[in-house]
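Below: one structure, written as structure tokens.
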Amino acid sequence: MSDISIVKRTGQKEALDLEKLHKVVFYSCEGVSGVSPSQVELTSHISFSEGMTTSEIQETLIKAAADLISEETPNYQFVAGRLITYHLRKEAYGQFEPPLLIDIVKHNIDAGMYDKLLLDWYDEDEWKQLEKWIDHSRDENYTYAAMEQFRGKYLVQDRYTKKIFETPQVALMLIGATLFHRYPKDTRMKWVKDFYDSVSRFEISLPTPVMAGVRTSVRQFSSCVLIESGDSLDSINATSAAIVKYVSKRAGIGIGAGHIRSIGSSINGGHATHTGVIPFYKHFQSAVRSCSQGGVRGGAATLYYPIWHMEVEDLLVLKNNKGTEDNRIRHLDYGVQFNRLFYERLIEGGDITLFSPSDVPELIEPFYTDMDKFKELYETAERKTSIRKKKVPAIDLFSSFMQERKDTGRIYLMNVDHANDHGSFRPDLAPIKQSNLCCEIDLPTKPLENIDDPAGEISLCTLAAINWGNIKDPSGFKKPAELLVRALDELLDYQDYPVLAAERSTMNRRPLGVGIINFAYWMAKNDMTYTDPNLEMIDEWAEAWSYYLIQASNRLANEKGSCKLNYQTKYSQGICPVDTYKKDVDELVPHKPKMNWNKLKTALKSNGIRNSTLMALMPSETSSQISNATNGIEPPRALVSIKQSKHGVLKQVVPSIHHLKNKYELLWDQKSPKGYLNICAVLQKYVDQGISVNTSYNPQHFEDEKIPFSVLLTDLIQFYKYGGKQLYYFNTFDGATDEAEEPAHPYVNQDEPLEEEECESCVL
């Protein structure tokens, strides 16, 4: 082995130094139980060859350690993570010991990687203070999956040469410094330190746009964009232009397209007839796919339309592979919108009448905001003989919806009445008419007539999450809640806005969406399963989580002023999510509030709210890996999950596997999603936006391994009964023994990215 020559970073050749290699491996294993340096070396030696570079040797060691990760030897995840840390420091700094923080900042400003204003914001003494606080040893707490995500997505780098310019602790400290730079000089350093400590100790997690962009000259960090199209050509073209602008900024897109008239409708007083919505949906698809997200992948969007649209039978099948390219649009996902009336028609065995929106414009607003008025107008329209219509048995439409949802996994559901009744906005002033890519954001929108239309409204939401697994008791939510609300609120003023309608909306409403990660770990260590959850405990913790977020925004409103459209929120009336949830949830868990809601509601009436929305439970695939946490509120698929991404195969181990191995309930072991859906119902009780709720079924738990339609329908109705807003993925286990994410759905085009890679933003 000593006969092998290697190539150093300088280009010089030298003999492979096994002693040096041993020191690196020993460092990576030091203090880690259940691992062996010699085992890593033995696994890697067979891969060494003449002329390898030092970088290739490092990658060989990393792969060797990663290959050893298993249920029996999970701690090799920390060995592989440390080996990446060693590699990154040598690459970024030319040495293992990081330089002074100020020197790193100056170097990266000169390289064009950091915002030059960093040196204007903080003086020399403050940089010295930040130097004392930064703890590079915390890099050693990251797992293999976390470090791979850092170097692949988050760390500042030259995407062409692949050179990386920083390490995780530097990135996290500078994110905090950037976010709080406008705070008063006598207080801001405390906020920077607290924020840095919280994020570096895995108490809070941040979304991809923030992690990758804050500290650079990039100034667009909102994760989700909601764009509503009107029925005119001008509006459709303006929508398309806005999509292009935001897709290029790595945002996930929600498209509201329910206004567009159906095929055969009159145009220009009957001088022409409409081509239908499909050509325009194709137009939106082209816009979404035209710009890649960060030069890595095509954009992603979910398009929303109402169940009563005249073309719904053709729209429901747009995603499947049974038709031709002419009648399919497979690179969009779809959200079908329902309200109470359509569930009533289903239960009663009635019909659903389909209309072109242009023929019944009076139905559009009440469909979202006023169920009684909508029912009255809908039934009136059904009786009118002058209006073009089509009747379809409700069971047939619901069956088609459920079949396509099951087959493609990507036909979503939105209960628009619940989104309005149990949201933070007053429906009469700011109706919710759509959601976002990942089905958790509920914000007002207005169609644009042109890209600079001052009357239009594009809604953005900026995301983050709190790690429930690192909270000791409900009072522990107070500090991370305040940190996130303050940090994200600052972000809204710091970032740029490519479209005027988005800037006006954000400045007027200041919406945030704070979610949850590591929920499955929290459940496991509290001795509960998804099948048999302790709903009273979940209720108590969710109440505190929600309360402290609202309280933080109310305090910030007292300090900096409420959002300009505070009066359009229910918060301004002293109404909180705990007041508007579906009372059917009380069947699951008795309502026993623990927090002082009356005092908070009085303060809300007096001071208002700084942020129109505060909660949203989003997918959190990447941030969960960063924090060595389970994914959002989802059950793990395996104790050691194999995450497939553009960076290769990543092994992620559930937290505390040694102690809690038998406490985790895995996804495909669940007989049904009922327990999970009940948990979501309790969580939704305290959420002012939505939850990315997935439904997962293992055919092996059913007779003849076929999931009965009656089961799917019952779960759907139950979801509505308890106030569910949006359903996201439909997951089906195919019986594979691989520990990977569920396989691609049979009708999903294999060129499309799956799950975690679908949206760089909403996944955190």
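The values are calculated or read from the model by the stated rules, or taken from the named source; none is laboratory data. Here the structure is a predicted model, which means the values were calculated and not measured. Counting neighbours? That spans all protein chains shown, and the Cβs are built from the backbone with ideal geometry, glycine included.
In the condition set (1) surrounded by 23 or more Cβ atoms within 10 Å (Cβ to Cβ); (2) at pLDDT 95 or above, Asn470 is compliant with all but (1). Selection of the range 642-654 for residues being surrounded by fewer than 19 Cβ atoms within 10 Å (Cβ to Cβ) and either of a type outside the set (D, E, K, R) or within 20 Å of Thr73 (Cβ to Cβ) (or both) yields Ile642, Gln644, His647, Gly648, Val649.
Scanning the range 95-106 turns up no residue that is closer than 30 Å to Val653 by Cβ, polar (S, T, N, Q) and part of a loop (DSSP other than H, G, I, E, B). Filtering Lys643, Lys651, Lys594, Lys663 for residues that are closer than 30 Å to Pro427 by Cβ, of a type in the set (Lys, Arg) and not assigned by TED's automatic domain parsing to the domain that holds Arg138 leaves a single hit, Lys594.
Of Ala542, Ala552, Ala487, which residue is crowded, with 23+ Cβ neighbours inside 10 Å and over 27 Å from Met189 (Cα atoms)?
On the way: Ala552 fails: over 27 Å from Met189 (Cα atoms); Ala487 fails: over 27 Å from Met189 (Cα atoms).
None of the others qualify; the one that does is Ala542.
Restricting attention to the range 658-716, the residues that are of a type in the set (S, T, N, Q) and surrounded by fewer than 16 Cβ atoms within 10 Å (Cβ to Cβ) total 4. Those strands (runs of 3 or more DSSP E) of the range 217-312 in which at least 2 residues are of a type in the set (Gly, Ala, Ser) and either closer than 15 Å to Asp333 by Cα or in contact (Cβ under 8 Å) with a residue 60 or more places away in the chain (or both), considering only elements entirely within it, cover 252-256.
Run down Ser248, Ser217, Ser223, Ser232 and say which single residue is surrounded by 19 or more Cβ atoms within 10 Å (Cβ to Cβ) and either at pLDDT 90 or above or closer than 27 Å to Leu174 by Cβ (or both).
On inspection, the qualifying residue turns out to be Ser223.
Does Tyr494 satisfy the criteria of being of a type in the set (Phe, Trp, Tyr), surrounded by fewer than 22 Cβ atoms within 10 Å (Cβ to Cβ) and over 21 Å from the mean Cα position of the chain (by Cα)?
Numbers: of a type in the set (Phe, Trp, Tyr): yes; surrounded by fewer than 22 Cβ atoms within 10 Å (Cβ to Cβ): yes; over 21 Å from the mean Cα position of the chain (by Cα): yes.
Answer is yes for this residue.
Candidates Thr53, Thr10, Thr73: the one that is closer than 28 Å to Asp158 by Cβ and under 39 Å from the mean Cα position of the chain (by Cα) is Thr53. Asn631 fulfils the conditions (1) over 25 Å from Leu206 (Cβ atoms); (2) touching a residue at least 60 places away in the same chain (Cβ under 8 Å); (3) buried (at least 22 other Cβ atoms within 10 Å of the Cβ) except for a single criterion, (1). Whenever a residue of the range 436-460 is on the phi > 0 side of the Ramachandran plot, its partners that are at pLDDT 95 or above and in a loop (DSSP other than H, G, I, E, B), lying with C-beta atoms within less than 9 angstrom and at least six residues away or across chains, give the pairs Cys439/Gly690; Cys439/Ser692; Cys439/Lys725. For the condition buried (at least 16 other Cβ atoms within 10 Å of the Cβ), among the polar types (S, T, N, Q), within 26 Å of Pro431 (Cβ to Cβ) and modelled with pLDDT of 85 or more, Ser240 qualifies. Residues in the range 684-695 that are touching a Lys or Arg at 6+ places or on another chain (Cβ under 9 Å) and closer than 17 Å to Gln718 by Cα: Gln684, Lys685, Gly690, Ile691, Val693, Thr695. Being touching a Cys at 6+ places or on another chain (Cβ under 9 Å) and at pLDDT 95 or above is true of Gly335.
Arg504 falls short on exactly one of the conditions (1) at pLDDT below 95; (2) surrounded by fewer than 24 Cβ atoms within 10 Å (Cβ to Cβ); (3) touching a Pro at 6+ places or on another chain (Cβ under 8 Å), and that condition is (1).
Assess whether Ile642 counts as being closer than 21 Å to Leu68 by Cα and either within 23 Å of the chain's Cα centre (by Cα) or part of a loop (DSSP other than H, G, I, E, B) (or both). Give the derivation first.
Values: closer than 21 Å to Leu68 by Cα: yes; either within 23 Å of the chain's Cα centre (by Cα) or part of a loop (DSSP other than H, G, I, E, B) (or both): yes.
Judged against the criteria, Ile642 is a match.
Yes/no per residue for (1) closer than 16 Å to His422 by Cα; (2) surrounded by fewer than 17 Cβ atoms within 10 Å (Cβ to Cβ); (3) among the hydroxyl-bearing types (Ser, Thr, Tyr); (4) in contact with a helix residue (DSSP H, G or I) (Cβ under 9 Å, 6 or more places away or on another chain):
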| site | (1), (2), (3), (4) |
| --- | --- |
| Tyr571 | yes, no, yes, yes |
| Val578 | yes, no, no, yes |
| Asp584 | yes, yes, no, yes |
| Asn598 | no, yes, no, no |
| Asn611 | no, no, no, yes |
| Leu614 | yes, no, no, yes |
| Met618 | no, no, no, no |
| Val640 | no, no, no, yes |
| Ser656 | no, yes, yes, yes |
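Every listed requirement among (1) over 19 Å from Val589 (Cβ atoms); (2) modelled with pLDDT of 95 or more; (3) not in a strand (DSSP E or B) is met by Cys680 save one, (1).
Within the range 183-207, the set of residues being outside any strand (DSSP E or B), touching a residue at least 40 places away in the same chain (Cβ under 8 Å) and among the β-branched types (Val, Ile, Thr) comprises just one member, Val192. Checking each residue in the range 595-613 for being over 17 Å from Thr580 (Cα atoms) and within 30 Å of the chain's Cα centre (by Cα) picks out Gly608, Ile609, Arg610, Asn611. On the given criteria, is Asp407 of a type in the set (D, E, K, R), farther than 23 Å from Gly608 by Cα and assigned by TED's automatic domain parsing to the domain that holds Leu354? For Asp407, the condition - of a type in the set (D, E, K, R), farther than 23 Å from Gly608 by Cα and assigned by TED's automatic domain parsing to the domain that holds Leu354 - is met.
In the condition set (1) under 27 Å from Asn467 (Cα atoms); (2) touching a helix residue (DSSP H, G or I) at 6+ places or on another chain (Cβ under 7 Å); (3) hydroxyl-bearing (Ser, Thr, Tyr), Thr216 is compliant with all but (2).
When residues in the range 683-715 are screened for being assigned to a helix (DSSP H, G or I) and farther than 26 Å from Ser546 by Cα, 13 of them pass. Among residues of the range 1-27 that are farther than 11 Å from Thr53 by Cβ, those with a Cβ under 7 angstrom from a residue that is loosely packed, with under 11 Cβ neighbours inside 10 Å and of a type in the set (A, V, I, L, M), sequence gap 6+ or separate chain, pair up as Leu16/Met1; Leu18/Met1.
The rows are residues; the columns are (1) farther than 30 Å from Gly632 by Cα; (2) among the hydrophobic types (A, V, I, L, M, F, W, C).
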| position | (1), (2) |
| --- | --- |
| Ile102 | yes, yes |
| Val105 | yes, yes |
| Trp127 | yes, yes |
| Asp139 | no, no |
| Arg159 | no, no |
| Gln169 | no, no |
| Thr178 | no, no |
| Arg182 | yes, no |
